[in-house]
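Some notes on the structure that comes next.
Just so it is clear, none of the values below were taken in a lab; they were calculated from the coordinates. Small disclaimer: the values here were computed from a predicted structure and weren't measured. In this analysis, Cβ positions are derived from the backbone assuming ideal geometry, glycine residues included, and neighbour counts consider all displayed protein chains.
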Amino acid sequence: MAERGEGEKGQGIESLVVSLLSKGIMIAPDALDFLKKHPEKLASIDLDSLKGALSLEDLENAPSSLSDGEEFPTPREDEGARILYDYTEKFDMKGELSDFTNHFNDRYRNLSEMLKTRAELKNLSSVNRLSSIKEREEVSIIGIVDAKRETRSGHYIVEVEDPTGVAKILLSKNGPTIRKADEIVEDEVIGITGTASKELLFAEEVIFPDIPQMGAWPGKSKNVAVMISDVHIGSKQFRADYFDNLVNWLNSNNEVARRVKYLLVAGDVVDGVGVYKGQQKDLAITDIVGQYSAFADVLDKLNKRIRIFVSPGNHDASRDSDPQPAIPKEFSETLYSLKNVSMISSPAVVQLDRVNFLVYHGTALDSVIASIPSLRKTGYDNPHQAMIQQLRKRHLIPSYNDMSRMFPDGTDEMIIKTLPNVFHSGHVHKLGFSAYRGIKVINSGTFQDRTSFQVKVGHHPQPGKVPYIELGTGAVNILDLTNEGDGGPTIREEVF
Ligand code: D5M
Ligand code: FE
Ligand code: ZN
């Protein structure tokens with residue numbers, strides 16, 4: 001198919017009109033004028049829903065197709081950008097305890113369905129039938145973890161619950177499951193295989209919902225996606241110099257930069273206002289609209305071929321509990337008005353040239369790190385480790401505790417249902433990356449210098465290191481924007 005060019009726009013319109021008329025659809029004159037200028041808009045309209053007439057309003061209200069418009073070359077059939085999952089606020093909460101019950105029931109239902117397919121869980125039983133199982137017989141159950149504790153002699157007791165009752169599981173310190181004791185957290189759904197006795201199930205295997213080994217890398221294009229997070233515009237600590245380096249590099253003639261087609265922003269776009277006590281003194285821009293405008297101004301400098309996806313974080317003006325809907329327009333009109341920007345939720349799933357990105361700010365990483373003892377030591381310097389735990393648990397907020405900000409929707413929206421090829425988070429302000437069962441696990445760091453809060457809690461943020469991914473191969477490299485010398489940003493090759 002020929003590329004869509006200036007000269008073809010007018011010619012194409014006649015055949016469009018004929019094909020619409022042949023479907024019995026009349027076109028209003030102003031709609032026709034609009035179509036002459038924006039023929040691509042028609043592709044995003046459901047013709048069957050028109051009831052015989054196409055108005056200007058229909059065209060103006062049509063969702064802008066993610067891969068159309070003059071700035072964006074017509075993609076190959078299997079390329080382009082699509083939003084596969086985007087959360088919009090639901091108002092099905094009653095503000096009662098039943099909200100949480102419904103939420104956790106949905107969590108159990110979904111994750112237990114995933115676990116039921118696992119061959120390791122032989123002789124699956126409900127908890128209430130455990131007492132009728134013969135001693136020493138092998139049996140499996142699936143439950144939500146109520147509690148975990150270490151006994152004085154170094155064994156672990158885990159209490160799990162299914163809809164029929166509560167069972168006590170023993171992870172013997174000499175048994176094969178003890179190495180999993182560290183990573184079991186309250187509220188997650190796990191499967192256990194073991195041998196029954198009157199009081200306890202002696203665990204022989206603990207199964208997390210987990211990720212299957214992913215198949216071949218799906219991407220084929222030559223395009224590149226750049227991942228950033230925690231820009232914190234408005235903060236006195238925002239490193240405008242590093243961000244300028246990024247903008248200049250993206251607009252440069254560098255061989256890689258020229259192939260950048262997507263920019264993903266995983267939250268904490270701005271520092272916000274009133275996010276924590278006494279924040280005012282740390283702000284260079286003290287109003288939220290001004291902060292988003294400043295961000296829109298820098299994004300506007302970028303070559304318009306780059307499609308930008310902006311997802312919120314806990315410093316943004318979205319609802320401050322996960323899932324977070326897209327940043328509301330009333331505070332960020334300037335961002336909404338940029339044609340190449342799509343405002344998305346956190347989490348969201350975006351497909352870029354066949355590659356699925358799970359974008360989630362990572363607010364719950366604090367809770368994941370706090371609930372797994374081994375991560376308390378290394379988690380803030382290696383944020384990918386906590387992200388791998390989220391994948392293993394197939395859940396972005398495995399544990400509901402005082403560090404997690406979870407909105408109890410009737411359906412649990414934080415379950416990882418769509419398998420990503422790339423899992424992109426931020427929040428921890430530290431670059432971190434790894435691969436897990438074929439999924440690229442990437443934490444894209446920050447553009448904010450170390451804050452006094454981070455000094456107090458002993459975190460070591462690392463601003464100005466930005467990962468990007470080759471969509472055709474999955475190779476991830478790091479752009480170092482902190483170079484003070486003449487050479488400009490340098491690229492560190494990472495193959496994993
Ligand atoms: O998060 C910036 C950094 O501060 C990041 O490393 C997480 C950490 N952080 C944020 N809130 C907490 C709490 N409550 N406890 C421990 N660590 C935390 P940001 O979202 O940019 O403020
Ligand atoms: Fe942040
Ligand atoms: Zn954050």
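Descriptive notes on the structure:
- Where only alpha carbons of the range 418-496 are counted, the Rg and the Dmax (Å): 14.0, 44
- The DSSP beta bridges internal to the chain are antiparallel in roughly 70% of cases.
- Estimated purely from DSSP H runs of n ≥ 4, each contributing -39500 (n - 2.57), the mean residue ellipticity at 222 nm for the chain is -6500 deg cm²/dmol once divided by its residues.
- Calculated P(r) of the range 291-385 - Cα pairs past 22 Å, %: 41
- Beta bridges by DSSP in the range 308-430, antiparallel share as percent, to the nearest 5: 50
- Peptide ranges 465-476, 222-233 listed from the most packed, as the mean C-beta count within 10 angstrom indicates: 222-233, 465-476
- All C-alpha to C-alpha distances of the range 97-207, sorted into 10 Å bins beginning at zero, yield P(r) values of 15, 50, 30, 5, 0 percent in whole numbers.
- Overall dimensions of the range 152-255 by Cα: Rg and Dmax, Å: 24.5, 71
- Placing pseudo-labels 7 Å out from each Cα toward the beta carbon at T101 and E186 gives an inter-label distance of 2.0 nm.
- Extension gain, R437 back to N251 (0.36 nm per residue minus Cα-Cα distance, nm): 63.5 nm
- An oblate overall shape is assigned to the range 166-205, the ratio a/c of its alpha-carbon gyration tensor axes (a ≥ b ≥ c) being 1.5 or greater and a/b not exceeding b/c.
- Debye log10 I(q)/I(0) for the range 196-249, one point scatterer per Cα, at q = 0.23, 0.29 Å⁻¹: -1.00, -1.22
- Estimated inter-spin distance, D146 and E120, nm [label 7 Å along Cα→Cβ]: 2.4
- Estimated translational D of the chain in µm²/s (Stokes, Kirkwood radius over Cα pairs; 20 °C; 1.002 mPa s): 86
- For the listed peptides 256-266, 120-130, 386-396, a ranking on the average number of other beta carbons within 10 Å per residue, highest first, reads 386-396, 256-266, 120-130.
- Overall form of the range 208-301 per C-alpha gyration tensor (a/c, 1.5; a/b vs b/c): oblate
- Distance from the Cα centroid of the range 313-348 to that of the range 84-122 is 25 Å (rounded to whole angstrom).
- For the range 337-496: Kirkwood Rh in Å [reciprocal of mean 1/r, alpha carbons]: 16.7
- Above-threshold pairs, the threshold being 21 Å between Cα atoms, out of K222/K261; K90/K417; K301/K339; K377/K456; K301/K440: K301/K440
- Gyration tensor (alpha-carbon) shape descriptor, the range 236-371, a/c threshold 1.5: oblate
- Protection proxy ranking, peptides 242-251, 272-281, average beta carbon neighbours within 10 Å, highest first: 242-251, 272-281
- Label separation (D402 vs S55): 5.5 nm, computed from points 7 Å beyond Cα along the C-beta direction.
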